[in-house]
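**Q** Next up is a structure, given as structure tokens.
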Amino acid sequence: MKQIAIYPGSFDPVTNGHIDLIKRATFIFGEVIVAVARSAHKQPLFSLADRLAMVKNATRGMKGVRVEAFDGLVVEYARENKVRTIIRGLRMISDFEYEFQMALTNRRLAEDIETVFLMPSERYSYLSSKLIKEAATLGADVSSFVPSFVEKKLKEQLKLK
Ligand code: ADP
């Protein structure tokens, strides 16, 4: 049976760290669903359609990767798709508290769904979408942190604001 995992997140925008994690996940799971959350409460910089398009572009040609949008609870979405594994990334100790809380909350909501943590390459362990947005706002060169089409989109989006 093909092992399927869901990698949920806001991906606002997708970074080289996310891409590194998706690749690692494909080494373990037969299929990885990258689930882009609407995350309206987080007031994302990019629309859901833009975030979805950027993740699709970043994972084009990667075998076993599917990209979808979702809204609401991750565990509900996992159940709907008959998936029992959620993937999350752990960069630093600072991620741990939030991720630990969320994993245990999700376990309480759905005992049959397990969260698996993957570590990115140390090259990406300090990267976050938030930091990249801040740096880009201040005019920094973010070309080593995100794919070139994301960098372009960031420039366009920040000009609009
Ligand atoms: P969320 O809003 O759900 O935290 P993010 O898009 O910020 O969504 O992150 C999704 C997941 O990817 C989280 O588990 C986060 O820890 C992980 N992640 C984010 N950036 C990186 C990175 N540079 N390397 C590895 N994992 C990362």
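**Q** Out of Ala35, Ala49, Ala58, report the one residue that is of a type in the set (A, V, I, L, M, F, W, C), open to solvent by 40 Å² or more (accessible area, probe 1.4 Å) and either away from the ligand (no atom under 12 Å from the Cβ) or within 14 Å of the chain's Cα centre (by Cα) (or both).
**A** Numbers: Ala35 fails: open to solvent by 40 Å² or more (accessible area, probe 1.4 Å); Ala58 fails: open to solvent by 40 Å² or more (accessible area, probe 1.4 Å).
Going through Ala35, Ala49, Ala58 in turn, the sole match is Ala49.
**Q** Being in a loop (DSSP other than H, G, I, E, B) and either surrounded by 15 or more Cβ atoms within 10 Å (Cβ to Cβ) or at pLDDT 95 or above (or both) narrows it down to one of Pro44, Pro8, so name that one. Lay out the reasoning, then the answer.
**A** Values: Pro8 fails: in a loop (DSSP other than H, G, I, E, B).
Answer to the check: Pro44.
**Q** Only one of (1) outside any helix (DSSP H, G or I); (2) closer than 21 Å to Lys152 by Cβ fails for His18. Which number is that?
**A** Going through the list (1) outside any helix (DSSP H, G or I); (2) closer than 21 Å to Lys152 by Cβ, His18 breaks only (1).
**Q** What is the residue count in segment 93-108 for residues that are open to solvent by 90 Å² or more (accessible area, probe 1.4 Å) and either in contact (Cβ under 8 Å) with a residue 24 or more places away in the chain or charged (D, E, K, R) (or both)?
**A** Quick first cut of segment 93-108, residues open to solvent by 90 Å² or more (accessible area, probe 1.4 Å) only: 93-94, 96-98, 100-101, 107-108.
Next, only the ones that are either in contact (Cβ under 8 Å) with a residue 24 or more places away in the chain or charged (D, E, K, R) (or both) stay: 97, 107-108.
Counting residues in segment 93-108 that are open to solvent by 90 Å² or more (accessible area, probe 1.4 Å) and either in contact (Cβ under 8 Å) with a residue 24 or more places away in the chain or charged (D, E, K, R) (or both) gives 3.
**Q** Quick check: is even one residue across segment 120-133 loosely packed, with under 15 Cβ neighbours inside 10 Å and away from the ligand (no atom under 12 Å from the Cβ)?
**A** Checking segment 120-133: not a single residue is loosely packed, with under 15 Cβ neighbours inside 10 Å and away from the ligand (no atom under 12 Å from the Cβ).
**Q** Can you pull out the residues in segment 11-32 that are within 8 Å of the ligand (Cβ to nearest atom) and either surrounded by fewer than 19 Cβ atoms within 10 Å (Cβ to Cβ) or among the aromatic types (Phe, Trp, Tyr) (or both)?
**A** Phe11
The values are calculated or read from the model by the stated rules, or taken from the named source; none is laboratory data. The model shown is predicted, which means the values in this text are computed figures rather than measured ones. Quick reminder, even Gly has a Cβ in these numbers, built from the backbone with ideal geometry, and neighbours come from all protein chains shown. We work out accessible area using only protein heavy atoms, side chains counted, and drop any ligands, DNA or RNA first. Shrake-Rupley method; radii C 1.70, N 1.55, O 1.52, S 1.80 Å.
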